[in-house]
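J.: Structure incoming, see below.
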Amino acid sequence: MKKILMGFALALGLSGSVLAAGGGFPLDKAPNRTNDMAALQNGAKLFVNYCLSCHSAAFMRYNRLRDIGLNDKQIAENLTFATDKIGDTMKSAIDPRQAKAWFGANPPDLTVIARSRSSHAGTGADYIYTLLRTYYRDESKPTGWNNMVFPNIGMPNPLWQLQGERKPVHEKVESHGHEVELLKGWEQVKPGTLSEAEYDQNVGDLVAYLQWMSEPAQNSRVRIGVWVLLFLSVFTLVAWRLNASYWKDVK
């Protein structure tokens with residue numbers, strides 16, 4: 001009986017820890033653009049220019065970008081480096097030892113990051129979309145950056161040139177008898193090359209590409225699934241009429 005009670009108490013403690021860990025920064029809904037070829041192409045360009053220097057996509061080949069409307073010449077001229085071939089996987093050139101020394105850990109592979117980051121708080125796309133829009137300057141951190149979604153993040157803002165530098169503006173409110181700070185908005189410290197709306201648009205395109213890269217066949221799977229359901233519906237009607245015709249004389 002004592003062991004049962006101890007196990008029950010341990011389970012309660014673990015469930016409480018999980019709930020506490022899950023109560024983080026609320027996620028914004030990422031736009032769904034996995035069917036938008038222009039958005040996917042822009043997202044691929046952003047990924048190569050701003051992410052691939054540190055993060056690999058080791059399970060994605062450059063020639064798979066044909067599926068988003070690019071030909072081999074466009075891929076080779078705009079999305080590959082001098083030493084890459086069209087059939088190569090999208091590997092980062094960063095030295096893993098240097099990456100670990102700079103960031104404290106090797107940057108993760110991003111091939112399926114949009115799927116692996118899904119949780120009860122939102123999809124992986126929602127997580128990445130919010131993460132890339134909530135960076136702020138924090139001089140107390142080694143990289144000079146921090147993040148609302150991932151506090152004490154080791155990665156600096158990869159898109160800071162586009163977004164500029166911002167700092168959060170908080171307001172204090174009473175909640176359950178305690179004074180807490182809530183995010184009220186953002187103050188632009190240094191402007192970037194894009195406006196806020198343009199930046200959000202580009203982040204949405206980048207997230208769409210990461211979604212597509214995590215499962216390139218997803219749109220084909222949905223289209224095939226629709227045709228399969230239509231076929232089954234028609235076949236069910238035919239089977240029902242055949243069944244009625246077969247059994248009418250028996251009855």
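The values are calculated or read from the model by the stated rules, or taken from the named source; none is laboratory data. This one's a predicted model, so the numbers in the text were calculated from it and none came from an experiment. Here Cβ is always computed from backbone atoms with ideal geometry, including for glycine, and neighbour counts include all displayed protein chains. We work out accessible area using only protein heavy atoms, side chains counted, and drop any ligands, DNA or RNA first. Shrake-Rupley method; radii C 1.70, N 1.55, O 1.52, S 1.80 Å.
J.: Once R0 is set to 35 Å, what does the formula 1/(1 + (r/R0)^6) return for the Cβ-Cβ distance between Ile86 and Leu230, expressed as a FRET efficiency to the nearest 0.05?
T.: Step by step, r from the Cβ atoms, then E = 0.40.
J.: Still on this structure: Would you work out if region 18-110 is rounded, prolate or oblate? Take a ≥ b ≥ c from the square roots of the eigenvalues of the alpha-carbon gyration tensor; rounded if a/c is under 1.5, else prolate when a/b is larger than b/c, oblate otherwise.
T.: Oblate shape, in that a/c is at least 1.5 and b/c is the bigger or equal ratio.
J.: Would you calculate a helix-derived [θ] at 222 nm for the chain, using -39,500 (n - 2.57) for each DSSP H run of n ≥ 4 and dividing by the full residue count, to the nearest 500? Please report the intermediate quantities before stating the final value.
T.: Values: 9 runs with 111 residues, N = 251.
Rounded to the nearest 500, the figure is -14000 deg cm²/dmol.
J.: Hey, another quick one. Taking amide hydrogens as modeled 1.01 Å from N in the peptide plane, which residues meet the under 5 Å criterion relative to Trp186, leaving out close sequence neighbours?
T.: Close amide H contacts, sequence-distant or interchain: Val169.
J.: From the protein chains alone at 1.4 Å, what is the descending order of accessible area for His120, His178, His170, His55, largest first?
T.: So, going from the largest accessible area down, we get His120, His178, His170, His55.
J.: Only helices at least 15 Å long along their own axis, judged from Cα atoms, and with Kyte-Doolittle mean hydropathy of -0.5 or greater: name those in the chain from DSSP H.
T.: Membrane-span-like by this rule: 2-22, 196-214, 218-247.
J.: Right, here's the next one. Return the long-range amide H neighbours of Ile153 (sequence gap of 5 or more, or a different chain), with a cut-off of under 5 Å between placed amide H atoms.
T.: It is Asn147, by chain and number.
J.: Of the peptides 183-192, 224-233, how do they stack up when ordered by the mean number of other Cβ atoms within 10 Å, highest first?
T.: 183-192, 224-233
J.: With Cα extents along the principal axes in Å defined as stated, name the option among [x] 85, 69, 38; [y] 63, 45, 34; [z] 55, 38, 32 computed from the structure displayed.
T.: Identified label for the calculated read-out: [x].
J.: Which residue, Glu198, Glu77, Glu181, has the most motion in a Gaussian network model of the chain that connects Cα atoms within less than 10 Å?
T.: Fluctuation is largest for Glu181.
J.: Okay, moving on. Please give the Cα centre distance for region 96-141 versus region 193-216, rounded to the nearest Å.
T.: With region 96-141 and region 193-216 each reduced to a Cα centre, they are spaced 15 Å.
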